[in-house]
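Asker: Dumping the structure here so I can ask a few things about it.
The values are calculated or read from the model by the stated rules, or taken from the named source; none is laboratory data. Bear in mind the structure is a predicted one, so any value in this text is a computation, not a measurement. Cβ placement follows ideal geometry from the backbone for every residue including glycine, while neighbour counts extend to all protein chains displayed. Quick note on the areas: whole protein, heavy atoms, side chains included, nothing else; ligands and nucleic acids left out. Shrake-Rupley method; radii C 1.70, N 1.55, O 1.52, S 1.80 Å.
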Amino acid sequence: QVQLVESGGGLVQAGGSLRLSCAASGRTFSRYAMGWFRQAPGKEREFVAAISLSGGSLYYADSVKGRFTISRDNAKNTVYLQMNSLKPEDTAVYYCAAKQTAWGAPRTSSEYDYWGQGTQVTVSS
């Protein structure tokens with residue numbers, strides 16, 4: 001029973017940074033684990049990052065470790081994805097996802113219950 005809206009995508013030069021936001025509706029945001037996934041043209045949707053209910057557990061895809069940071073502000077019902085040192089291969093539609101009463105931070109898309117519409121991130125060469 002949560003609706004998700006992503007924002008913050010856009011066009012950025014390689015090596016630059018973007019911060020994505022995912023705003024969640026409802027009063028039970030703190031009961032959801034949150035994840036970020038992305039899908040590039042012609043490719044399957046892939047895991048990017050995930051964070052547990054209280055923010056105590058974090059997971060990142062190997063491809064983004066050291067460059068991306070996931071965080072959440074439960075008071076603002078928002079999860080963030082700070083993306084630094086962006087590469088052209090990071091170009092994709094980025095999706096926010098929520099899993100109700102999850103243990104830890106799920107890393108598989110099928111485990112999530114709700115999805116946002118996505119926001120486009122384009123990194124130029």
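Asker: Condition first: under 14 Å from Leu4 (Cα atoms) and assigned to a strand (DSSP E or B). Now tell me which residues in region 95-125 satisfy that.
Answerer: Our first condition is that a residue be under 14 Å from Leu4 (Cα atoms); within region 95-125, this holds for 95-100, 112-119.
Those that are under 14 Å from Leu4 (Cα atoms) and assigned to a strand (DSSP E or B): Tyr95, Cys96, Ala97, Ala98, Lys99, Gln100, Tyr114, Trp115, Thr119.
Asker: Also, I was wondering about something else. Among the residues of region 70-94, which ones are surrounded by 17 or more Cβ atoms within 10 Å (Cβ to Cβ), out of contact with any helix residue (DSSP H, G or I) (no Cβ under 9 Å at 6 or more places or on another chain) and assigned to a strand (DSSP E or B)?
Answerer: Quick first cut of region 70-94, residues surrounded by 17 or more Cβ atoms within 10 Å (Cβ to Cβ) only: 70, 72, 77-81, 83, 86, 90-94.
Keeping just the survivors that are out of contact with any helix residue (DSSP H, G or I) (no Cβ under 9 Å at 6 or more places or on another chain) gives 70, 80-81, 86, 90-94.
Passing the criteria: Ile70, Tyr80, Leu81, Ala92, Val93, Tyr94.
Asker: Now for a different question. Output the residues belonging to region 4-34 that are assigned to a loop (DSSP other than H, G, I, E, B), within 25 Å of Trp103 (Cβ to Cβ) and not charged (D, E, K, R). Don't jump to the end; show me each part of the working.
Answerer: The first filter runs over region 4-34 and keeps only residues assigned to a loop (DSSP other than H, G, I, E, B), leaving 8-9, 14-17, 25-28.
Keeping just the survivors that are within 25 Å of Trp103 (Cβ to Cβ) gives 25-28.
Answer for region 4-34, where residues must be assigned to a loop (DSSP other than H, G, I, E, B), within 25 Å of Trp103 (Cβ to Cβ) and not charged (D, E, K, R): Ser25, Gly26, Thr28.
Asker: Being over 13 Å from the mean Cα position of the chain (by Cα) and open to solvent by less than 50 Å² (accessible area, probe 1.4 Å) is the filter here, so list the residues in region 95-116 that pass it. Spell out the reasoning first.
Answerer: So in region 95-116, the residues over 13 Å from the mean Cα position of the chain (by Cα) come out as 100-104, 110-111, 113.
Correct list: Ala102, Gly104.
Asker: May I pose another question? Looking only at residues that are more than 14 Å from Tyr95 (Cβ to Cβ) and part of a loop (DSSP other than H, G, I, E, B) in region 35-59, which one is most open to solvent (accessible area, probe 1.4 Å)?
Answerer: Restricting attention to region 35-59, the residues satisfying the condition of being more than 14 Å from Tyr95 (Cβ to Cβ) are 41-42, 51-59.
Next, only the ones that are part of a loop (DSSP other than H, G, I, E, B) stay: 41-42, 52-57.
Numbers: Pro41: 119, Gly42: 92, Ser52: 10, Leu53: 48, Ser54: 102, Gly55: 27, Gly56: 68, Ser57: 44 Å².
Going through the qualifying residues, I end up with Pro41.
Asker: Of the conditions (1) part of a loop (DSSP other than H, G, I, E, B); (2) in contact with a Ser or Thr (Cβ under 7 Å, 6 or more places away or on another chain); (3) open to solvent by 60 Å² or more (accessible area, probe 1.4 Å), Gly66 satisfies every one except a single condition; which number is it?
Answerer: (2)
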